[in-house]
Number of protein chains: 2
Amino acid sequence: MTYLMRFLPILTWGRTYDRETATSDLIAAVIVTIMLIPQSLAYALLAGLPPEVGLYASILPLVAYTIFGTSRALAVGPVAVVSLMTASAVGEFAQQGTAEYLGAAIALAFISGIMLMAMGFFRLGFLANLLSHPVISGFITASGLLIASSQLKHIIGISASGHNLYDILTSIGSNLGNTNLITLVIGLTATGFLFWVRKGLKKQLLGIGVKPFLADILTKSGPIAAVFVTTAVAAVFDLASRDVRLVGDIPSGLPLPHIPSFDSALWLQLAPAALLISVIGFVESVSVAQTLAAKKRQRIVPDQELIGLGASNIASAISGGYPVTGGFSRSVVNFDAGAATPAAGAFTAVGIAVATLFFTPLLSHLPQATLAATIIIAVLSLVDLGAIKRTYAYSKSDFTAMAATIIVTLFLGVEQGVVTGVAFSIALYLYRSSRPHMAIVGVVPGTEHFRNVDRHKVATGSRVLTLRVDESLFFANSRYLEDRIYALVAERPEIEHIVLMCPAVNSIDASALESLEEINHRLSDSGVDFHLSEVKGPVMDRLQRTDFVAHLSGKVFLSQYDALCELDPLTAHISESHTPKKAARSDIWDGPEI
Amino acid sequence: MTYLMRFLPILTWGRTYDRETATSDLIAAVIVTIMLIPQSLAYALLAGLPPEVGLYASILPLVAYTIFGTSRALAVGPVAVVSLMTASAVGEFAQQGTAEYLGAAIALAFISGIMLMAMGFFRLGFLANLLSHPVISGFITASGLLIASSQLKHIIGISASGHNLYDILTSIGSNLGNTNLITLVIGLTATGFLFWVRKGLKKQLLGIGVKPFLADILTKSGPIAAVFVTTAVAAVFDLASRDVRLVGDIPSGLPLPHIPSFDSALWLQLAPAALLISVIGFVESVSVAQTLAAKKRQRIVPDQELIGLGASNIASAISGGYPVTGGFSRSVVNFDAGAATPAAGAFTAVGIAVATLFFTPLLSHLPQATLAATIIIAVLSLVDLGAIKRTYAYSKSDFTAMAATIIVTLFLGVEQGVVTGVAFSIALYLYRSSRPHMAIVGVVPGTEHFRNVDRHKVATGSRVLTLRVDESLFFANSRYLEDRIYALVAERPEIEHIVLMCPAVNSIDASALESLEEINHRLSDSGVDFHLSEVKGPVMDRLQRTDFVAHLSGKVFLSQYDALCELDPLTAHISESHTPKKAARSDIWDGPEI
């Protein structure tokens, strides 16, 4: 039962579900439904898919997440970045508007669903950790800019193409002559209206005494209002005859159960993109879910979230939808509107299903420019230039990874951007760890403390050299340690003892062990004894499973002071006024470097 | 001048070169020359190249290393593993025995030389650190097995092919019927003889009173003796007419200056293999050079070694040779024979040049089986099964990377093997660091020390929770930290303060900073204050460049004891007999875990 409860969180919250909770969930569901309808249509357009596919992706996936998800506020469905990635991945195999294109998008959702589920069962959620914050932030910013620029053509009313910023902008530039003025007016008006709704409306409503909750709902209804008004205008003035592009006929009725394509060649080709979409979608979704859960001291279980999102994507695929994940803005709306359990998602699904059944004929006159306007306003909030500045100020190496991600995403492609970012983060991390901070230390006279000789007035003897390493030892830095020690010995012919002080060494891997053995061996060859001091318990346990300590030319000392007392008592007792201080307090913050 | 001296180490040692040093170098050069002649022929055979190419690769490269290298004992030339990698890389583009094959091998040396030089100029030697010891050890062992099995066909006197163990063995199996019995007798005799020379001869010679130095030389001369005897037998009995494969005519005379192919398509195709060969060759060479340098308290400069090896490979290419690097056995012989400066290498080059000019006609009757026997005996010393066992005992994750390297090298290919090993090492390292050791700690009553609550009798209050992290915080573990903290808070509704104790945190990257900000923000949302304690100086400096500390709901405490005194004075002073002990000594080794 506990095992089942782990995989079916609904069994936990479902048992205490009551009328009051249901009311909260229902209210939240109505608000999210109103918000989701234009969003679903718009993101389907962004993914290059027929508008109804966006609606399909907002029904069954929500039900699946209700059963398998652990977040009480997450709203699943099509989102901007994943839609862009879908367009980029599927666009390589098929032409937009063809059955192959739709089939590949559906297959992508299915493969992504299976991958997410597998990652959940095998608890591989940690893979998402490879995406560092600066890389994600840079990727989302670049995606936002790409998405916004890709929608410009709908605002201007021209045809344009391209999957990177340069292609998109040159394609728009060369087609500017075909601008459809009526479309442009609708597009600019809708964009301006939505921008005002987002930025100024709430404050004005609060100013005239509207209650915050209502002001919030009115603000979030901006897109649906824009949809209503522009659809009505397009219908009344028959704008289709003026070459204004409209959404056109949307098949009404619920999606039929759909068996995704099992073409193994297609699967293999889509697999890399599906993996990236899964991981990016998971990271985005989990960070939203965690933010919302923390506000109520609730917990989400990342590995179970993988299963929830996997089930949602499989549900999306078998109902003719495309890849989905937890969206930021709708989840916040859901949370603010009072959603108390994942049941709110199921209620939203019912709302979208009703809309799909009965309201789609009303949307055939909806101008694509209106949808493009909702997308542009939505994604501009993803663009976070401040994060770029902050990262630059904090860490140049993080900034390098971020800049590489942004540039490659904008000018080469979204998948390449993510991969570049991950590769840069790992490479830079390994580079940093490959040159750990090391300091030659001496004893602070009259104490048992040891400090960097370059920074403090300390005593050292000429026969004993103590080197403190401030990093775990592993393959990427073990040779650097060897180099440093050999260099020190080569420079100082009078040395008889080298002590490696290890208070910050949390682990020693097999490469580092071999390097220590080499150091021991080579120092012996040149007549120098090799000692360790202040080795941590778990590290020592592991060393004792080998013959390293038996072969060590020197000793392993409990404390560095013990080492000095034995190897060089004169230096150890250099001051007669021997008054040891407490170490814990003074060991930190005594300068830029300790 | 110093700049020039950095790039031309010969300017340093050359200024004090005297007659005595020259004598030592000359003696060493004679011994190494005798050893290098059969080795060069054999490794050329292994690389699928005409035998003279092995000799060419043993002349100019040695002169180049003499000028640019920093090791005083390293002997450069063809080596087994690099020869195998050359055969594998070039075999993909051309048939053995064709001009294209030879041209590609020469181009490979040239590209590898340029890469090594570039890595040296840009000080990229640290890239070699990505090859962990277990991966290199596994790769060398697997290569040794592959090489030995690939030579079996020469011992048996059949044709066989294949680049992985399975293909090689099945190919041999299906051709066993064509065994040439005379070849088999020569091959087995030579192998048995060389095995006896290597394992038993030296001891027997010492037993009958031969001086160690002479015994050593006689032992190292085993291969040249086998070459002489089998060549004589083949010539006298005209074994060529009995279908025994001989080396055949070797063009005598020095190599003509050669301009390597500049076909950009070929370069692009060879580049990945050239990179792997460069890195593997560099790692092998540097570890030999370091071992020998340490014995005399000398230094080698890894980044300058890259330039030395790069120059050697370019020299090899322009004299019609193939990729070279520093070899283990010949360098040890060189060192033991008394080589005092890199000039010994130049003298060896003269020796090989003389042999190439005058002795090659004598070698036309040399049976290939003899060369195969020298290769087999030489590479079996590379196979280190003990290292596999030791690695398994010390670290399962290192063993996993090693096993993957061995299996992929044996059954898929050498390049794939190296790449797999590197990928596994990095992935496993990131996985380990992604779940750092963390402990909830409490105060040891009556002291200012803090210990893991699960291991020690310590005091904790219910309102303050202290978590100690034993690892630097970075992108791969920052989300894990978030998860842990949210879980702790969700389990303990009574908590008001969380203190993160950071004595082992050597750095905090931008991802981890963002996670700390998130933690601070979310804990605030749920009414919990977030504090830090014992933050190291350099880490604190960096944090102070951001607004993190300003936004922190809690404080940054110098010591954990300060934190407890302020947040929970009752627990801090739980024992009346307050007698603080010194920390440095007792902080370590008080159990399997601190």
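Taken together, the values in this text are just the output of simple stated rules run on the coordinates, not laboratory data. The model shown is predicted, which means the values in this text are computed figures rather than measured ones. Note that each Cβ is placed from the backbone with ideal geometry, even for glycine, and that neighbours are counted across all protein chains shown.
Over 32 Å between C-alpha atoms is what I'm after, so list which of B:LYS153/B:LYS199; A:LYS555/B:LYS296; A:LYS555/B:LYS555; A:LYS153/A:LYS389; A:LYS295/B:LYS457 land there.
Numbers: B:LYS153/B:LYS199 24 Å; A:LYS555/B:LYS296 23 Å; A:LYS555/B:LYS555 41 Å; A:LYS153/A:LYS389 30 Å; A:LYS295/B:LYS457 34 Å.
A:LYS555/B:LYS555; A:LYS295/B:LYS457, as the Cα separations exceed 32 Å there.
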- Message: I need the phi-derived Karplus couplings for the stretch B:426-432: 6.51 cos²θ - 1.76 cosθ + 1.60, θ = phi - 60°, integer Hz, Gly and Pro marked x.
- Response: 5, 4, 5, 5, 5, 4, 4
- Using amide H atoms built 1.01 Å from N in the peptide plane, name the residues 5+ places from B:THR325, or on other chains, whose amide H lies under 5 Å from its own. B:GLY77, B:VAL79
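For peptide A:510-521, compute the average count of partner chain beta-carbon atoms within 10 Å of each residue's beta-carbon. Walk me through the numbers before you get to the answer.
Details: counts 18, 14, 3, 7, 10, 1, 0, 1, 5, 1, 0, 3.
That average works out to 5.
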- Query: Measuring from a point 7 Å out along Cα→Cβ, what nm distances, shortest first, does A:LEU181 have to its partners in the other copies?
  - Reply: 10.2
- Item | Within the protein assembly as shown: Cβ-based charge dipole about Cα centre, in debye rounded to nearest 20 (Lys, Arg +1; Asp, Glu -1) | 660
- Under the rule rounded for a/c under 1.5, else prolate if a/b exceeds b/c, else oblate, using alpha carbon gyration tensor axes a ≥ b ≥ c, the protein assembly as shown is classed as oblate
- Query: Which peptide among B:84-96, B:51-63, A:326-338 comes first, and what is the full order, when sorted by highest mean count of other Cβ atoms within 10 Å?
  - Reply: B:51-63, A:326-338, B:84-96
- Using the alpha-carbon centroid of each, what span in Å lies between the stretch B:257-271 and the stretch B:7-67? 26
- Task: As a check on your grasp of the helix formula, calculate [θ] at 222 nm for chain B: sum -39500 (n - 2.57) over DSSP H runs of n ≥ 4, divide by the residue count, round to the nearest 500.
- Result: -19500 deg cm²/dmol
- Note on the structure: With Cα coordinates, the longest principal axis of chain B makes an angle with the long axis of helix B:165-175, in degrees rounded to 10, of 30
- Provide the gained length on full extension for the span A:GLU496 to A:LYS296, in nm with one decimal, where the gain is 0.36 nm per separating residue minus the Cα-Cα distance. 65.8 nm
- Nearest 10 degrees, 0 to 90: what angle lies between the long axis of helix B:80-90 and the longest principal axis of chain B (Cα atoms)? 90
- Note on the structure: Note to self: C-alpha centroids of the stretch A:421-452 and the stretch B:274-307 sit apart, in Å, by 24
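Inside 10 Å of the C-beta atoms of A:497-506, what's the mean count of C-beta atoms belonging to other chains?
Working: counts 0, 0, 0, 0, 0, 1, 5, 7, 1, 9.
Rounded to a whole number, the mean comes out at 2.
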- If you put a point 7 Å past Cα along the Cβ direction, how far is that point for A:PRO272 from the same point in each other copy, in nm, smallest first? 1.1
- Between rounded, prolate and oblate, where does the stretch B:1-133 land on the alpha carbon gyration tensor, with a ≥ b ≥ c its root eigenvalues, rounded for a/c under 1.5, else prolate if a/b exceeds b/c? oblate
- Query: Once both axes come from the Cα atoms, what is the angle between helix B:19-46 and the longest principal axis of chain B, in degrees from 0 to 90, rounded to 10?
  - Reply: 80
- Message: Cut-off under 15 Å on the C-alpha distance; same-chain residues fewer than 8 positions from B:LYS211 excluded. Which aspartates and glutamates are left, in chain and number order?
- Response: B:ASP336
- Item | Ordering of B:419-428, B:175-184 by packing [mean C-beta count within 10 Å, highest first] | B:419-428, B:175-184
- Non-local amide H neighbours of A:LEU246 (under 5 Å, H modeled in plane, Pro and chain starts lacking H): which ones? A:GLN368
- Quick note, the stretch A:208-328: a/c under 1.5 would make it rounded; otherwise a/b > b/c is prolate and the rest oblate (a ≥ b ≥ c, C-alpha gyration tensor); here it is oblate
- For the stretch A:23-426, with +1 on Lys and Arg beta carbons and -1 on Asp and Glu, the positive-most of A:TRP267, A:PRO223, A:PRO38 along the dipole: A:PRO223
- State, to one decimal in nm and shortest first, how far the label point of A:ARG19 sits from each corresponding label point in the other identical copies (label point: 7 angstrom along Cα-to-Cβ). 11.6
- Task: Would you give the gap between the C-alpha center of the stretch A:211-254 and the C-alpha center of the stretch A:537-552, rounded to a whole Å?
- Result: 72
- Query: Treating the beta-carbon of each Lys and Arg as +1 and of each Asp and Glu as -1, no other charges, what is the dipole magnitude of the stretch A:438-586 about its Cα centre, to the nearest 20 debye?
  - Reply: 640
- Task: Provide the percentage of antiparallel DSSP beta bridges, counting only those with both residues in the stretch A:438-586; round to the nearest 5.
- Result: 40
- Give me a single rounded figure for A:471-479: the average over its residues of other chain Cβ atoms within 10 Å of their Cβ. 6
